[in-house]
Protein chains: 2
Amino acid sequence: MIFLLRTLYFLLFLSAIFIACEPNRNQVKVEPNIPENVKRYGQVIRVKPEKLEYYRELHANPWPCVVENIRECNIRNYTIYLQDDHLFAYFEYIGDDFADDMKKMEEDTCTQRWWKETDPCQEPIINAKEGEWWTNMEEVFHSD
Amino acid sequence: MIFLLRTLYFLLFLSAIFIACEPNRNQVKVEPNIPENVKRYGQVIRVKPEKLEYYRELHANPWPCVVENIRECNIRNYTIYLQDDHLFAYFEYIGDDFADDMKKMEEDTCTQRWWKETDPCQEPIINAKEGEWWTNMEEVFHSD
């Protein structure tokens, strides 16, 4: 009887370890893990050649409160590239109300001060729509 | 004695579950998880206006063997955007020898056939360097 109980407990013990570790084993990855709710954005704007160096300087050492606000507004993996007189942005949005989060971003006083520095460096692309600042580009291909 | 043994096994059982589940709890995230070894690329090329529709069609339904080869060459999270007559690519490289993986990609016969279709749709940007196809852009900002 004692032997049976011991064996039972031992088997339960082994099963518990096996079951509990199973999801872990599947998660051991060295890969980017893009959750399903992510929405990708690609955007473009022009940079004024005479303001390019100042724009570069600002973005090489962005204000911590700006970076913090970007994260609070559910933006992740945000990169800006430069080519000639154009800037290209790629970012991933993980929230569920982009318009609301952008409103929140606009209301942040630190971001407002940041934009006072960066806005004069930029201008919309030639084919931008009326009132458009950064232009959202069309996604033509994606592979995870 | 039996009681002691039972208690001991029961405690071991509880500890095993707790310890095995601990890493799991920390991994419950709804966020993109970008590993440290990822290298980001932003690239640009022109698309010939008369070939745009064909380029769009091809990339709306890419050949499975092309997508498979992209992954085998350690490219992840690859997106191509279109704006006017330019294409912008963003991707993440998770391997440790980019040149070698690009060589591997070039040697893939399926990819060679794919490029026979896509290459005539594209041309380098006006300021591309001699021999450059897609131009690597300069990263001026990044926030995780």
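The values are calculated or read from the model by the stated rules, or taken from the named source; none is laboratory data. The structure displayed is predicted, hence computed values, not measured ones. Glycine also receives a Cβ, built like all others from the backbone with ideal geometry; neighbour counts cover every protein chain displayed. For the accessible areas, the whole protein counts, side chains as well, though only heavy atoms, and no ligand, DNA or RNA atoms are used. Shrake-Rupley method; radii C 1.70, N 1.55, O 1.52, S 1.80 Å.
Values for this structure:
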{"item": "Relative contact order (%) - criterion: Cα under 8 Å, at least six apart; region: region B:39-136", "result": "43 percent"}
{"item": "Accessible carbon and sulfur surface of region B:59-125 relative to its total accessible area, %, 1.4 Å", "result": "48 percent"}
{"item": "Built amide H within the under 5 Å cut-off of B:M137, gap 5+", "result": "B:G42, B:Q43, B:V44"}
{"item": "Neighbouring partner chain Cβ atoms per residue of B:133-142, average, 10 Å criterion", "result": "6"}
{"item": "Peptide A:73-80 - average C-beta neighbours from other chains (10 Å radius)", "result": "5"}
{"item": "Distances in nm from B:I126 to the matching label points in the other copies, shortest first (labels 7 Å along Cα to Cβ)", "result": "0.7"}
{"item": "Members of B:K51/B:K104; A:K48/B:K48; A:K104/B:K129; A:K48/B:K39; A:K116/B:K129 lying beyond 31 Å, as alpha-carbon distances in this model show", "result": "A:K104/B:K129; A:K116/B:K129"}
{"item": "HN-Hα J in Hz across region A:51-58 - Karplus 6.51, -1.76, 1.60, θ = phi - 60°, x for Gly and Pro", "result": "10, 4, 5, 5, 4, 4, 4, 4"}
{"item": "Other-copy label distances relative to B:P64, 7 angstrom Cα-Cβ extension, nm", "result": "5.1"}
{"item": "Across the identical copies, how the A:H142 labels are spaced - nm, sorted shortest first, 7 Å along Cα→Cβ", "result": "2.1"}
{"item": "Estimated buried accessible area (total), pair A and B, 1.4 Å, Å² to nearest 100", "result": "5500 Å²"}
{"item": "Amide hydrogen neighbours beyond the local backbone of B:A128, cut-off 5 Å, H modeled", "result": "none"}
{"item": "Debye log10 I(q)/I(0) at q = 0.10, 0.13, 0.19, 0.22 Å⁻¹ for region B:39-136, Cα point scatterers", "result": "-0.26, -0.45, -1.04, -1.40"}
{"item": "Cβ-Cβ FRET estimate between B:E132 and B:E107, R0 fixed at 30 Å, reported to 0.05", "result": "0.90"}
